[in-house]
Structure formats: C-alpha cells, structure tokens
Amino acid sequence: MDRILINGGNPLTGTVRINGAKNSALKLMAAALLTDEPLTLTNMPDLADTRFMAHLLAHLGVAVTRKNGTQMTLHAKKLAEPFAPYDLVRKMRATFNVLGPLLARHGTARVSLPGGCAIGARPVDLHLKALEAMGAQIDLVEGYAVALAPTGLHGAHISFPFVSVGATEHAMLAAVLAQGETVLDNAAREPEIADLANCLNAMGTQIEGAGSASISIKGVGSLGGTEHRVMPDRIEAGTYALAVAATGGNVLIENCDPAHLGALWDRMRAIGVTTEPQGVDSVRIIQNGDRCSAADLETQAYPGFPTDLQAQFMAVMCRANGASIIRETIFENRFMHAPELSRLGADITVHGREAVVRGVPELHGAPVMATDLRASVSLVIAGLAAQGQTEVNRIYHLDRGFEGLERKLGALGANIKRVSEAG
Ligand code: EPZ
C-alpha cells in the first residue's frame, strides 16, 4: 500500500493547473447511457473514481475509449443486460445514477444499492421517489433496486424536501427521455448541475433553469451524441487555494472557474489571505503573513461553502491565530479528520456537527491515516504546514479525486513524495 511522506514548512509558489471536475465527470459519463451515439468528454480527469465508473459502464455495454489522457468517448450503441452488480456499485455512490438512464432507455433495470459511506448514512430515498413520481415501479430486493417502467417514464412535478445534488442529477438523467415535462423544485444549484444540463441540451433535450432552484426538463423521444468539455474541478482548485493559506506563498491557480468559489473567497478574506481573480479562468492566492486569522465556517449547499472543502479549511484553522467554530450541515459524520489532525498537535474538540479548533503556533509531523477523500487531503495540507515529517497512510482515498497531487505540490516547492511498500 502506498504512503505519502511530507517534510513540511516550505511555502508554495508557482502555477498549478486544475483538472476537470470529478463530480461532474461521473454524471456526464452516466449520460452516455441515454443515446446510441457516441458522447465525447474532454477535460476529463484520470482518477480511480472515473476509471471505476468506466468499468461499470463497460459492463453495461458501453464502449469506452480514452485519447490524449484527457478525452474519453463513450458509445452505448447497444446496451447489455441492464444489471449493475454490487461489486461494481458498492465502492462509489455516483454509480447508482445509472439506474435512471437505464430505466429511461431500457424500461427495466436492476442496480445494487450503493450502501453506507464513511461520512454518513447517505440514503437514496430521494432518488427513488423522483423516479417513482415519473412512473417507475421500484422494489428493493436483496440489496438491489429492481425498477420497471414498461410503458416508459412520464414527466412529473417533483418537489425535493431538501437539497440533494445526486437526486437532482438523477432525476434530470431520467426525465430527458420521459414523455412530457418534468419540473424539479428545491433542486440543487451546484455548478455541476448546470454542466450536466449543458451536455444534455447539446444531446438534444431542453432543460431550463439548471443552476437555479427550479429546473424544467422537456423530455424527448431520443438523444444524440455530442462533444462536451467537463467543467473545472472547483474542489481541487479550492484545495490548492487552502494549501497556500496553510503554508504561505504565492500561487496562480489556472484552468479553474473562480466564480464557482465565491463562498471560499469570502472565508479567505476573513482569514487574511489575498485572492485575485485573473481573467475568467485563473486566480492568484497570496499569503504573506506567518499565520492566518481564525474565522468560523458553516457548510451549506451551493452557493454556500462546500462540504467538500470543510476538512481542508479545518487544516488551515489548526495553525490560525485564534479559535474557529466549524459547523457541518450536509453530512452527519464528516469530522473524521479531526482526530488525525490532532495527532499533528492540533487542538480540536468535536461536539456533534460542530468542531471548535483552537489554533496552535506550530504543528509537528506524525504518521496519520486517511479516512475519506477530502479528509485525506486535509492531512496533506496540515503536513505541508507542519514542522518535520508527516506520513499519510491509506492514500488510495486521495487517488479517487486528486490527479497528480504530489507531482503538482512538488512543482510548487513542497517536499512531498509517494513511497510504495517496497520502498
Ligand atoms: C455529492 O454527493 C458529491 N458527490 C459529494 O462529494 C458532495 O459532498 C455532495 O454532493 C454535497 O455537495 C458526487 O457528486 C459524486 P447529496 P451526493 O445528495 O449527491 C442526504 C466528494 O468528496 N440524502 O447532495 O451524494 C445525504 O445523506 C463527495 O467528492 C438523503 O437523505 O450528496 C446528505 O446528508 C463526498 N437521501 C444530504 O442529503 C437521498 O436520497 C446531501 O447529499 C439523497 C441524499
């Protein structure tokens, strides 16, 4: 099993280029199931999660080809049996989003339930209710969602009781081939939703309002192929910005969309870090002082502060000047990084969904264990800011969502390397 070794204390300087967004790419890949023509995605990240999704799609009969590292063509000319087995679904929740497209195209599907996850229970009840409102009959049998829509899906008015990114995307992916119009109220407004809508519109459907709380989708009889550029990964961009906040330095983050990160820039100002957007696709982060100020944080659905950057922000607060209260409102168990950060000398107390971080002048390197994707990268950030050597174990979590992390950080001046068990 690989580990990452970091000798902390170096400021980060230079330029880093952001990849396409993992969480958008995964749903765009599922959209390939909706057409018998090829869907080509450019600016595709190459991650364990996208490879896993490609594996599932191949099992479902999709021909998947990669070109030049960042281009992927998915061609679902003819689907195989619409069956997504447990082994190809359990590792990653986004795989469950194949249910709607399979049902819309095939009229029947059997997809394993994604199961629990370290950051919370994460049920799929809203996904299932949305599909049922469109006419699907769904039974849960031995861990599988067994779905039937013998006469096809129909448009529906769906009002979500709370915001869910996955359920909004799943409903969109099914509604595009449903008969009539579907309206989604209290829909998620994350930029990934608009990215999916843009791709589906280019494939021939008519979606309006994506990016707002009310989305209307006019279903069509069939969809065609297209070429679509995956939006930049706002969480990867935000992670590098927070790494600079932790270590000090001056970094230009390229190929991102600074407009997607308004809530982060607000918190960066609050802790005394300079952020300067450069044109529409770059932002410069400058942190001259030794320690950031402390500021409180609450995660919220977009356009609020993303839960996927909460752990990284906490890592910065560990060395801040003062105390910070961090409140996680999206997932019920997303503070698993707190005890690991404490191993580096951080002073953190967790009470339910709230953590109090009292900044300390110095962190000290130690062996730590990655628990989930964003928690892992928070340990890397803390290690970069700590004195001495930090060893991050179980880094397969990192490979799910950060392409070339140690290469990119190394190019910015970090002393970081990956070592395999052999040495
Ligand atoms: C997406 O997860 C992202 N994953 C997550 O990123 C991200 O943290 C999350 O959105 C919030 O922004 C992908 O896009 C692949 P939700 P998703 O449905 O869609 C509850 C990462 O690190 N809920 O918006 O699963 C749920 O348990 C990952 O990249 C239900 O109760 O999130 C959670 O508490 C982690 N029933 C809340 O809603 C449902 O049917 C919001 O979840 C669906 C969700």
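Just give me the residues in the range 166-180 being within 11 Å of the ligand (Cβ to nearest atom), buried (at least 24 other Cβ atoms within 10 Å of the Cβ) and not acidic (Asp, Glu), in sequence order. Passing the criteria: Ala167, Thr168, His170, Ala171.
The rows are residues; the columns are (1) farther than 18 Å from Met203 by Cα; (2) out of contact with any strand residue (DSSP E or B) (no Cβ under 9 Å at 6 or more places or on another chain).
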site	(1), (2)
Lys27	no, yes
Leu33	no, no
Arg51	yes, yes
Thr65	yes, no
Leu74	no, no
Pro85	yes, no
Ala94	yes, yes
Pro101	no, no
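Every listed requirement among (1) under 23 Å from Leu113 (Cα atoms); (2) of a type outside the set (Ser, Thr, Tyr); (3) in contact with a Lys or Arg (Cβ under 6 Å, 6 or more places away or on another chain) is met by Leu153 save one, (3). A single entry from Gly289, Gly322 fulfils the requirement of being at pLDDT 95 or above, among the small types (Gly, Ala, Ser), surrounded by fewer than 23 Cβ atoms within 10 Å (Cβ to Cβ) and away from the ligand (no atom under 16 Å from the Cβ): Gly322.
Within the range 349-369, no residue that is polar (S, T, N, Q) sits with its Cβ atom under 7 Å from a residue that is assigned to a loop (DSSP other than H, G, I, E, B) and surrounded by 15 or more Cβ atoms within 10 Å (Cβ to Cβ) at 6+ positions apart or across chains.
Among the candidates Gly423, Gly413, Gly345, the residue that is at pLDDT below 95, in a loop (DSSP other than H, G, I, E, B) and not aromatic (Phe, Trp, Tyr) is uniquely Gly423.
Kindly list, by first and then second residue, each pair from a residue in the range 234-254 that is within 16 Å of the ligand (Cβ to nearest atom) to a residue that is polar (S, T, N, Q), limited to pairs with Cβ atoms under 8 Å and residues at least 6 apart or on different chains. The qualifying pairs are Ile235/Asn23; Glu236/Asn19; Gly238/Gln312; Thr239/Gln312; Leu242/Gln312. Can you tell me which residue within the range 377-397, out of those that are at pLDDT 95 or above and of a type in the set (S, T, N, Q), is surrounded by the most Cβ atoms within 10 Å (Cβ to Cβ)? In this case the residue turns out to be Ser378. Within the range 227-264, can you find the residues that are surrounded by fewer than 19 Cβ atoms within 10 Å (Cβ to Cβ), more than 20 Å from Leu412 (Cβ to Cβ) and not aliphatic (A, V, I, L, M)? If the condition is that a residue be surrounded by fewer than 19 Cβ atoms within 10 Å (Cβ to Cβ), more than 20 Å from Leu412 (Cβ to Cβ) and not aliphatic (A, V, I, L, M), then Glu227, Arg229, Gly262 are the ones that fit.
Could you tell me whether any residue of the range 263-275 is without any contact (Cβ under 8 Å) to a residue 40 or more places away in the chain, of a type outside the set (A, V, I, L, M, F, W, C) and not assigned by TED's automatic domain parsing to the domain that holds Ala315? For the range 263-275, residues without any contact (Cβ under 8 Å) to a residue 40 or more places away in the chain, of a type outside the set (A, V, I, L, M, F, W, C) and not assigned by TED's automatic domain parsing to the domain that holds Ala315: absent.
Among the residues of this structure, Arg374 does not count as one that is surrounded by fewer than 17 Cβ atoms within 10 Å (Cβ to Cβ), outside any loop (DSSP other than H, G, I, E, B), among the basic types (Lys, Arg) and in the same structural domain as Ala311 (by TED's automatic domain parsing).
Scoring Arg407 on the criteria (1) touching a residue at least 12 places away in the same chain (Cβ under 8 Å); (2) open to solvent by 40 Å² or more (accessible area, probe 1.4 Å) leaves a single failure, condition (1). The residue that is farthest from the ligand (Cβ to nearest atom), counting only those in the range 191-215 that are in a loop (DSSP other than H, G, I, E, B) and in contact with a helix residue (DSSP H, G or I) (Cβ under 8 Å, 6 or more places away or on another chain), is Met203.
The values are calculated or read from the model by the stated rules, or taken from the named source; none is laboratory data. The model shown is predicted, which means the values in this text are computed figures rather than measured ones. Using ideal geometry, Cβ is built from the backbone for each residue, glycine included, and neighbour counts are taken over all protein chains shown. Just so you know, the surface numbers come from the protein's heavy atoms only, side chains and all, with ligands and any DNA or RNA stripped out. Shrake-Rupley method; radii C 1.70, N 1.55, O 1.52, S 1.80 Å.
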